[in-house]
Every structure is written in C-alpha cells, then in structure tokens.
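Heads up, the thing below is written out as structure tokens.
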Amino acid sequence: MKNSLKLLASLAVTLGLGLMPQARAADTIGFVYVSPVGDAGWTAQHDMARKEMEKAMAGKVTTKFVENVPEGPDSERVIREFAQNGAKVIFTTSFGFMNPTEKIAKLYPNIVFMHATGYKSNDSNFGNYNARFYEGRYLNGVIAGKMTKSNILGYVAAFPIPEVIMGINAFTRGAKSVNPKAEVRVIWVNSWFDPGKEKQAAETLISQNADVLTHHTDSTAVVQAAEAKKIYAFSYHSDMSKYAPHAQLSGTVHEWGKYYTNAVNQILAGRGKPANVWGGMKEGMIRIAPMSSAVPKDVQTMVTGLADKIKAGTFHPFTGPVVDQDGKTRIPAGTTISDGDLNSMNYYVEGVASKYPSN
Amino acid sequence: MTPLLTAILIATIISGTPLVIAALGELVVEKSGVLNLGIEGMMAVGALAGFAVTYHTGQAGLGILAAMLAGMALSLVFAVLALTLMANQVACGLALSIAGLGLAGFLGKPYEALSLPQIHPLPIPILADIPIVGTIFFHHQILVYVSWALFAAVMVFLYKTRAGLLVRAIGESPHSAHAIGSNVIAIRYAATLFGGAMAGLAGAFMSIFFTPLWDERMISGRGWIAAALVVFATWRPARVLIGAYLFGGVMILQLFIQGSGWQISIPSQFLSAMPYLATILVLVVISQNRRTIRLHSPMSLGVSYRPD
C-alpha cells in the first residue's frame, strides 16, 4: 500500500513535470563527412567550422557528426538516421551525397538539408552551398609566379573535374599575370587521398625542376615533400604551415564557420532555408593562409591589394581574355566568365604546360 | 637525361619497397598453405604502431620493432580463428583487413595531427660512391636494404633449408607432412606470424620513412596489391620482386610522363591504371607454363587442416 502510494506520487510528479513548460532543449544539427576528420584537409575544415558554430550558438544547439561515410547508399542511411533522430538541420559535405540528401529531404519536409558543392536544391528544405576556392588559388598563383626561379610550377591534382580544373586555371592565370614565362605542370594521381602517391608525384615534379608546388588532394604529403626538398609550396583546404614551416608560402583555406552559424541561426529562427550560396573571399568562406616571411614585402602588398579588389568585387580572376592552351579564346576581353562556365570548365588555360587529360 | 633516369630508378625502388616486404611475407604464409588476405589491415596497424612509438621515443628502431609486433599480434588473431578454430581463411582474412583498418583508425586519432622528422637516407660506405649505380642503389633508407636482405633470406630459407622444405611440404599436403611427423599447425602459426611481422614492417616503412605522417587511409590499397602480386607471381620470390618493382616503376614512369609537360594526350585515368595493367600483363606472360605454375603453387592453399 505504502509502496503503491509512493508510486502514484512519483507518477504524479513525473506527469506534472512533463506538463510544465520546459526550457527548450537544444536542437540537434547533424553533419555527414566523407572522410575521417583528421587534422588538416577538406573534412577537418568542416569540422572546425562545426565546432565554431556550436560555440557561437552555445546552449541552443548540439551538433553530431558521422565521419568516413562512403558516397552512395551508405550515406543515405546515415542521413536518414539523423532525420529520424530529430535533427533540425543536416549538412552533408561531399559532392556524392547530393542525390541521397535530395531523396531524404523529400521524406522529411520539416528538416532542412544543406549540401556542400552540389547543384541540386528545392524550394523548401534542400539547399546547397559552396566556396569560390579559385579566388585563393589565383592569389597563390601570383605569389608562385613571383617566387619561382625555374619558372616551372608543379600541381598535384586528384581528379579532372571542373572544380579542380578551375583551381589549376586560376593558379596558372595568377602566375602568368606577373610572370609570363611561368608554366604549370599537372600530375593527376586519381585519388583524393594517397600520401604515398602524392609524395611521389611531388618528388617527380621537383626532379623535373619545379620549384613551387601546390596540390588539390587531401593530405599534407605534398607540402611535406616540398619542405624536405627545401622548395616552396602552397597548402590547400587547411593552413599546413606546421607541416611545412619553411616551404609553405601561403595557401587557400576554407572557412565554413560563419556560414554554418548564419545558416543555423536563420533556420532555427524559422526564417526558412538559406539561399543557395557560392561564396568567396567577400563572404569570408575563403581566405589565403598568412604569407610567410619568404615572400618579399612588395609581393605581399600586391597580393593584399588584389585580395581587397576581389573582396570588393572589382576584380575577377577569370576576366577575359581567357585563352585556352590551344590558343582559342574562351572568354573575350572585357567579359567576365559566368558561374555556369566556371562550373563546367573543361579546358586548361594558356600557361598550363601539361596536355588536358581527356583528348 | 641521366639525372632524370636516376631519379626515376631511385623512386621506383622506394615505391616498390613496401610491396616487396609485404608480398614476400605473404609468400611465405601462402607457401605454408595459409591464405591471409588481411595484409592491408596488418599494414595499417603496423604503420600506426611504428609511427606512435617512433613519435614517443624518437627511435625509429623501436618504431620498426613495434610495427612488426603489432602486425604479428593481428596475424595471431587470424591464426587462432583460421588455424585453431578452422574458420574459413578467406573470410577471416577479409575481416582482418577491415578490422585492422578500423582499429588503426580508432587508436590512431591522437596521432593524426603529428608528423615525424624526416629521416635521412643511409648511404652504404664505398658502394654509395660508385657513379650512377651507387646513387641508384646505395643511397636509401635502411628498410630498403632490409627488403633486399629479406628477399635473399626468403630464397635461401624456402629452397635451401630443411625448414623451408617443410613449410613448402605443408603447403602442398599437410596430411603427408603430418604423417612424417611434423607439427602442421605450429609451422603454419609460425609462417602466419612471420607474414604479420612483414606486413607490419611494410606499414612502418610507409609511416616512418616514406611519408612521415599517420592517417588511417595512408596504406591506400598497397596491402591488396601485395596480396595480388603473390598470386600473379605464381608464388615465386624472384617474380614477386620483379612484380613489385615493375608496379612501382610504371607508377613512377606515368607520374614522370605527366610531369614532363610533353604534349601527349593520354587520359590520366588510363595512366593511373597502367601500373596494374603492366604488372598483370608481364607476370601473366612470364608465367604461362602450366606445369611450372602447378609446381610452385601450394596445392592446399586456403584449405583448413584438421589434425586426425
């Protein structure tokens, strides 16, 4: 009897508590990563931004992430699990997550799905975001053009897709703008992450007289190879100066933190999904890594000036004439390339010494 | 031209070294009739152990030792499952690869942000001074020389010693070997552990000498290539060596072609596939004789042995 009274009392308390208005629990924000977080690289930058956003929204959100998710059916399962477990916003941060994200977004109209680097979206709860990495590449190219002695710049690249081609072309145009003799040599390693192969590609370029390197792959192998051979390099994705304190001249760094904070703020405030965005230096989604002391002062000033112009929108790395390596004018003088043309770029510009990979 | 050629050959040797070490280890395992497909996982665990110990102690030697022990520990798991409990060897090996990669990734999290100081090559006195040849062959990391010593040791062991003969006999017919009084399970255990140690060593070469960093994806399929090499080389050490260097060489060559700026248009995907294609092609062509293949392939490879 006494026991059942106790039970009743506790039940009443529980129910009462349940009915009482509660402080709103933190909303869950989910992140799906394509690779392990690691210390430097594509996913590392997204994860840094996730933490930044969580800090900025202290108390209002908790974030969760799943790393190393293969693109394809597995990612669909992970995204669905986030949705089922009540996430309010789900960020999927690799191109190959696009279709699974779209599919799950249809099933959960009350959750907002944001996909990085894709081109699909809908009107209500599925959007995309990306950054204009080429802006940083161009500035890196300017520094490279000034610093090279051999006039051979090496570029270790993953896969010949427009995003990578765009970076190679921007880097080349930057270098050519200050050093008409500079040429860029590209080695495709056909892998986003294979430090062994990336290192070999870097050393191959060095043995063929390249004295400034950059890469569009995901490890620190290239900057480390440059450090070991005492030449220069630019980092990509992250600032890799701690891996190559002497070699790294600068780099192109992704900054997603501000974007994530604003996007989550907007969504949680009930103002709907953020507009699709392709942001660059102006939006703070891209910056160049601090220039090392090896870069002469006048070059630093020049690059900073160019960066300001890019931010102000008065300079675009692909303002015509853009001539491809076969001498064909792709963008006439006085015209600036359209975003559509950038995103379907399938040629090398003048100055890339390597032949364009597919016939 | 000479400096370029020298550079290509040096890079070829470096590129082939992890394959040589891991594949020679697997060769001995398979010669004893055990098929351990877990090389990728053992290399990953070895790479991590080697990196971590070298990082903490500053001694690459201790790192190498730790890597070999780590590879052996993982292969011991395989041995217990596949040899003592007689589980399917192919399934156990595949599971070992997955588990090893996962384990290394999990345990290796704290080491992702770190890098090791570059270790300078160890030129061999006198030999290193020979023009060209010295530069190509005798200006390497210590594990490169170890891989050559390993090749010699495996050759001598398998074909010139009684113990080697016994290993081969067990790979052919464990029952006959048992009948003449040898302990089949114990010898298979020993071979499996040796394979594990070599995979660990190959991993250590990757993480301590080759790219002095740790990341769970750094082995990038080299363990699978080593496993395939043993089969395509029809279980002959010299062909394993040829295969490994051929693979490394074509890999380097295609990078040089790409980096040369020559105006040739070959899809880079094809260039990347070239090492695989060339290695398979050459090894298949030189191993056409069915009789010699039968002679060298262990008859009871992958078959569990149940002592009567």
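At a glance:
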{"read-out": "Rough spin-label spacing in nm, given labels placed 7 Å along Cα→Cβ, for B:ARG294 and B:PHE106", "value": "4.7 nm"}
{"read-out": "Distance in nm between pseudo-label sites at B:ILE119 and A:LYS311 (7 Å out along the Cβ direction from Cα)", "value": "4.6 nm"}
{"read-out": "For the protein assembly as shown: rounded, prolate or oblate by the Cα gyration tensor [a/c cutoff 1.5]", "value": "oblate"}
{"read-out": "Cα-based convex hull, chain A, per residue volume (Å³, whole number)", "value": "169 Å³"}
{"read-out": "0 to 90° range, to nearest 10: angle between helix B:237-259 axis and chain B longest Cα axis", "value": "30 degrees"}
{"read-out": "Theoretical FRET efficiency, 1/(1+(r/R0)^6), r = Cβ-Cβ of A:SER150 and A:ASP123, R0 45 Å, to 0.05", "value": "0.30"}
{"read-out": "Mean separation of Cα contacts under 8 Å (6+ apart) over length of the stretch B:16-296, as relative contact order %", "value": "35 percent"}
{"read-out": "Most to least accessible of A:ASP27, B:ASP129 (protein chains only, probe 1.4 Å)", "value": "B:ASP129, A:ASP27"}
{"read-out": "Efficiency of FRET from Cβ geometry, A:ASN85 and A:LYS258, R₀ 25 Å, rounded to 0.05", "value": "0.40"}
{"read-out": "Cα shape, the stretch B:1-61, gyration tensor, a/c 1.5 rule", "value": "oblate"}
{"read-out": "Accessible surface ranking that places the most exposed of B:ASP215, A:ASP339 first, with a 1.4 angstrom probe", "value": "A:ASP339, B:ASP215"}
{"read-out": "Principal-axis tilt of helix A:162-178 within chain A, Cα atoms, nearest 10 degrees", "value": "40 degrees"}
{"read-out": "Under Karplus coefficients 6.51, -1.76 and 1.60, residue-wise ³J(HN,Hα) of the stretch A:209-218 in Hz, glycine/proline x", "value": "6, 5, 10, 9, 10, 9, 8, 10, 9, 10"}
{"read-out": "Segment A:ALA56-A:ARG271, extension gain: residue separation times 0.36 nm, minus the distance between their alpha carbons", "value": "75.5 nm"}
{"read-out": "Relative contact order (%) - chain A, alpha-carbon pairs under 8 angstrom, separation at least six", "value": "16 percent"}
{"read-out": "Residue-averaged [θ]222 nm for the protein assembly as shown, counting only DSSP H segments that reach four residues, each worth -39500 (n - 2.57)", "value": "-17000 deg cm²/dmol"}
{"read-out": "Straight-distance crosslink candidates among lysines, where the alpha carbon sits under 16 Å from A:LYS146 and sequence neighbours closer than 8 are dropped", "value": "A:LYS176, A:LYS181, A:LYS297"}
{"read-out": "Förster radius 45 Å - calculated FRET efficiency between A:ALA26 and B:ALA152, Cβ distance, rounded to 0.05", "value": "0.10"}
{"read-out": "Over 36 Å [Cα-Cα, chain B], rounded percent", "value": "17 percent"}
{"read-out": "Heavy-atom accessible area ranking, 1.4 Å probe, most first, across B:ARG239, B:ARG294, A:ARG77, A:ARG137", "value": "B:ARG294, A:ARG77, B:ARG239, A:ARG137"}
{"read-out": "With DNA, RNA and ligands ignored, accessible area of A:THR43 (1.4 Å probe; Å², nearest 10)", "value": "0 Å²"}
{"read-out": "Residue-level accessible surface for B:HIS296, protein heavy atoms, 1.4 Å, Å²", "value": "40 Å²"}
{"read-out": "Per-residue SASA entry for B:MET72, accessible area with 1.4 Å probe, Å² rounded to 10", "value": "70 Å²"}
{"read-out": "Between helix A:2-19 and chain A: long-axis angle, C-alpha atoms, 0 to 90°, nearest 10", "value": "50 degrees"}
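The values are calculated or read from the model by the stated rules, or taken from the named source; none is laboratory data. The structure presented is a predicted model; accordingly, all values stated were derived computationally and were not measured. Reconstructed Cβ throughout: ideal geometry from the backbone, glycine too, with neighbour counts over all protein chains shown. Side chains are part of the model used for accessible areas, which takes the heavy atoms of the whole protein and leaves out ligands, DNA and RNA. Shrake-Rupley method; radii C 1.70, N 1.55, O 1.52, S 1.80 Å.
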